[in-house]
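The values are calculated or read from the model by the stated rules, or taken from the named source; none is laboratory data. This one's a predicted model, so the numbers in the text were calculated from it and none came from an experiment. Positions of Cβ are generated from backbone atoms using ideal geometry, with glycine treated the same way; all protein chains shown enter the neighbour counts. Areas reflect the complete protein model, heavy atoms only, side chains present, ligands, DNA and RNA absent. Shrake-Rupley method; radii C 1.70, N 1.55, O 1.52, S 1.80 Å.
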Amino acid sequence: MGACFGSCRSRNQPPYRNSRYPAIGKNQPLKREYPKWKSDVPLTEGQLRSKRDEFWDTAPAFDGRKEIWDALKAAVTAMENSDCAMAQAIVDGASISLPHGTLMDCYDELGNHYQLPVYCLSRPINLVKELKKLSTEAVKNISEINEEDPLHRVLKVRLTSESEVKLSVLTTDSVGVAKQRLELQEGISTCSQRWYFSGKLLLDRMKIEQCKLKKGYVIQCISQQPWNQQQTTEEDDVTNDKKRNNKRTRKQQQ
């Protein structure tokens, strides 16, 4: 006697067979749109960048291969620069499969699964805009330093311009506060600063005393321009489209 086999689908299983949800395992081209999301706690651009830096700094420790994580990071950078073609080329070159056409969920050729958090791909809709200068309240929260204070310490910081400066801090300061001190001293925006020591990223929440900074060693401060300024929210795009349509209408009326 012959036997036949059938397959059943769980009620909770998403309908991947329709056009919106392609079949699992089928490689899809990288989508140009960015996922929209809202942060539970409103973030500034600097705080968002710190979260992203922290993720990429620890990503190789997750399951998967380091070269794939590096390729994913490069693809994300290309997407930030609105270069979807380059991002697609990076993904294809690394043999990365995108079942849903997004970098949030992908596989390498060995079947390893990689997931990127949404905050690595786009900004939240409730992103808090930072002022170029520190607010008066923020300046008040930065305590003055007495050179005779036992907690006082002088750091050597090498800037992107390759010049080295001396920065007075307290060992109880967080790296974030130390960045604010550097902004007050050198005029470098806090949100653009990335501090590295011995090849490791110093996170804003870390205390200076926890960074194990050796006397005479230099901290590398890399200042970056605010990222992805060319990206706009969907609302901005709609507004810009309306302005362009209004201009066309006026010209036609003339």
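See the values below:
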read-out	value
Whichever residue in region 82-92 is in contact (Cβ under 8 Å) with a residue 40 or more places away in the chain and among the small types (G, A, S) and, among such residues, is most open to solvent (accessible area, probe 1.4 Å)	S82
Of the criteria (1) modelled with pLDDT of 85 or more; (2) hydrophobic (A, V, I, L, M, F, W, C); (3) farther than 24 Å from S50 by Cα, which one L203 fails	(3)
Subset of region 212-225 that is on the phi < 0 side of the Ramachandran plot and part of a loop (DSSP other than H, G, I, E, B) - its residue that is surrounded by the most Cβ atoms within 10 Å (Cβ to Cβ)	L213
Some residue of region 35-49 being under 19 Å from G101 (Cα atoms), out of contact with any strand residue (DSSP E or B) (no Cβ under 8 Å at 6 or more places or on another chain) and either polar (S, T, N, Q) or at pLDDT below 85 (or both)	yes
Residue that is modelled with the lowest pLDDT, among those in region 54-70 that are surrounded by 15 or more Cβ atoms within 10 Å (Cβ to Cβ) and not in a loop (DSSP other than H, G, I, E, B)	A59
Residue that is modelled with the highest pLDDT [pool: residues in region 184-199 that are closer than 21 Å to E45 by Cα and open to solvent by 20 Å² or more (accessible area, probe 1.4 Å)]	Y196
Residues satisfying the stated conditions in region 119-146, i.e. open to solvent by 40 Å² or more (accessible area, probe 1.4 Å) and at pLDDT 90 or above	Y119
Qualifying residue in region 93-106 (condition: free of Cβ contacts under 8 Å to residues at least 24 places away in the same chain and either surrounded by 13 or more Cβ atoms within 10 Å (Cβ to Cβ) or closer than 21 Å to K200 by Cα (or both))	yes
Residue among E183, E147, E209 that alone is part of a loop (DSSP other than H, G, I, E, B) and of a type in the set (D, E)	E147
Neighbours by Cβ (under 6 Å, 6+ apart or cross-chain): first from region 108-121, more than 14 Å from D70 (Cα to Cα); second aromatic (F, W, Y)	H113/Y107; V118/W37
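Here is a yes/no grid of residues against (1) more than 27 Å from Y34 (Cα to Cα); (2) modelled with pLDDT of 90 or more; (3) open to solvent by less than 70 Å² (accessible area, probe 1.4 Å):
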residue	(1), (2), (3)
L72	no, yes, yes
V76	no, yes, yes
E80	no, no, yes
L116	no, yes, yes
D149	yes, no, yes
